[in-house]
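**Student:** Structure in structure tokens, see below.
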Amino acid sequence: MLIQWCKDSACFDSRAADHVLAAHARKPDLVVALPTGRTPLGLYSQLRQRPVCFDRVRWFNLDEYVGLAPVDPLSYAYFLRDNFFRGLSVPLTNIRLLRGDAPDLLVESEDYDRAIQQAGGLDLAILGLGANGHIAFNEPGARWNRATHVVELSEQTRATNSEQQGNTVPGLGITMGIATLRSARQVLLLVSGETKRTALQALLSGYPDPQWPVTSLLDHPALMVIADEGLR
Ligand code: GLP
């Protein structure tokens, strides 16, 4: 695990963008998993400003709320379109986002895993961190051997996200599992904000603990953490 500590958001966002762009320079047809939340907003804005052609990149997202169509402003598909894809020259055929409104979520999960496999597996999983240590929507106690599946969101995650998104979010999510995240050839974990202090400490303690899903990344061979200097 490598950690870069950043003194301000300008440093944080540009280091994150540099990391993604370096991976893209090595492999222009990169297969990427994208997070939502406040933390990656600066990264997205940086990527949109850099003069890079993402034509060949294949994009997936980490998670979605069950029951929401991509046109729903609460959905993560909407968030990514609004904050990242809009105006970027990205072929629609290279974007596969989870459908929270799929009629059969088991079929959707299997189809999603197949799409990731057919793309050659994830090259880069970009992750945020929940205050309770969740990564994507893998909540405390989640099994570490799972691919895409449906989850019940914790009260804490629901409350935080409802407040952040200005509306009550659904109680169920569909998420890449920890096995999928761990199988990514590189992981970029973005940690910003005082509420993440304890979860980051759990990671830095070096002990794998299923109650802190982020610690499932401890033995990942290519984990880069970018974190606020204030959390050091
Ligand atoms: C949500 C997402 C996570 C994200 C987390 C942190 O729960 N499902 O993937 O990492 O929020 O969000 P933020 O960056 O806003 O703190």
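The values are calculated or read from the model by the stated rules, or taken from the named source; none is laboratory data. All of these numbers come straight from a predicted model, not from anything done at the bench. Note that we place each Cβ from the backbone using ideal geometry, even for glycine, and neighbour counts take in every protein chain shown. Accessible surface is based on the protein model in full, side chains and every heavy atom, while ligands, DNA and RNA are left aside. Shrake-Rupley method; radii C 1.70, N 1.55, O 1.52, S 1.80 Å.
**Student:** Under a Cβ-only charge scheme (Lys and Arg +1, Asp and Glu -1), can you give me the dipole magnitude of the stretch 124-232 about the Cα centre, in debye to the nearest 20?
**Tutor:** So the magnitude is around 300 debye.
**Student:** Oh, and also: Taking the dipole about the Cα centre of the stretch 60-208, with the C-beta of Lys and Arg at +1 and of Asp and Glu at -1, give me whichever of 186, 61, 173 is farthest to the positive side.
**Tutor:** Looking along the dipole axis, the top candidate is 186.
**Student:** Also: Mark the label point 7 Å from the Cα of residue 41 along Cα→Cβ and return the residues of the stretch 167-182 whose backbone N is within less than 16 Å of it.
**Tutor:** Within reach of a label on residue 41, which here means backbone N under 16 Å from a point 7 Å along Cα→Cβ, the stretch 167-182 contributes 167.
**Student:** Pull up all non-local amide H partners of residue 222: gap of 5 or more, or a different chain, and H-to-H distance under 5 Å with H placed in the peptide plane.
**Tutor:** Here 187 satisfy the definition.
**Student:** Leaving ligands and nucleic acids out of the surface, order 195, 160 by accessible area at 1.4 Å, largest first. Don't skip to the end; give the middle numbers.
**Tutor:** Numbers: 195 100, 160 65 Å².
Ranked from most to least accessible, the order is 195, 160.
**Student:** Separate question: About its Cα centre, what dipole magnitude does the chain give when the only charges are +1 on Lys and Arg Cβ and -1 on Asp and Glu Cβ, stated in debye to the nearest 20? Display every interim value, and only then the final one.
**Tutor:** Numbers: 22 positive and 25 negative charges, 143 e Å.
That gives a dipole near 680 debye.
**Student:** If you take the C-alpha gyration tensor of the stretch 47-183, multiply each eigenvalue by 5 and take the square root, what semi-axes do you get, largest first, in whole Å?
**Tutor:** Numbers: eigenvalues 105, 68, 44 Å².
Three semi-axes, in Å: 23, 18, 15.
**Student:** What FRET efficiency comes out for residue 209 versus residue 22 if R0 is 30 angstrom and r is the Cβ-Cβ distance? Round to the nearest 0.05. Could the numbers behind the result be given before it?
**Tutor:** Values: r = 31 Å, r/R0 = 1.03.
Calculated transfer efficiency: 0.45.
**Student:** Could you do me a favour and compute the accessible area per residue for the chain, 1.4 Å probe, result in Å²?
**Tutor:** Values: 10360 Å² over 232 residues.
Averaged over the residues of the chain, the accessible area is 45 Å².
**Student:** Moving to a separate point now. Run the numbers for residue 48 and residue 93: contour at 0.36 nm per residue of separation, minus the present Cα-Cα distance, in nm. It would help to have the intermediate numbers written out before the result.
**Tutor:** Numbers: separation 45, 0.36 × 45 = 16.20 nm, distance 1.91 nm.
That works out to 14.3 nm of additional length.
**Student:** Which one, 22, 218, 41, is farthest towards the positive end of the dipole of the stretch 2-231 when Lys and Arg carry +1 and Asp and Glu -1 on their Cβ?
**Tutor:** 22
**Student:** Can you tell me how much longer the chain between residue 8 and residue 81 gets when fully stretched, taken as 0.36 nm per residue apart minus their C-alpha distance, in nm with one decimal?
**Tutor:** Values: separation 73, 0.36 × 73 = 26.28 nm, distance 2.62 nm.
So the chain would gain 23.7 nm between residue 8 and residue 81.
**Student:** Within the stretch 20-51, list the residues whose amide N lies under 14 Å from a label point set 7 Å along Cα→Cβ of residue 194.
**Tutor:** none
**Student:** For the chain, what is Rg from Cα atoms divided by 2.2 N^0.38 Å, rounded to two decimals? Please report the intermediate quantities before stating the final value.
**Tutor:** Numbers: Rg = 16.2 Å, N = 232, 2.2 N^0.38 = 17.4 Å.
Expressed relative to 2.2 N^0.38 Å, the Cα Rg reads 0.93.
**Student:** Turning to a different aspect of this structure: Over the stretch 2-231, what is the mean sequence separation of C-alpha contacts under 8 Å (at least six apart), divided by residue count, expressed as relative contact order in percent?
**Tutor:** Values: 442 pairs, mean separation 57.4, N = 230.
Relative contact order of the stretch 2-231: 25 percent.
**Student:** Whenever you get a sec, compute what percent of the accessible area on the chain sits on carbon and sulfur atoms (1.4 Å probe). Intermediate results must be reported in sequence, preceding the final value.
**Tutor:** On the way: 5330 of 10360 Å².
Exposed carbon and sulfur together represent 51 percent of the surface.
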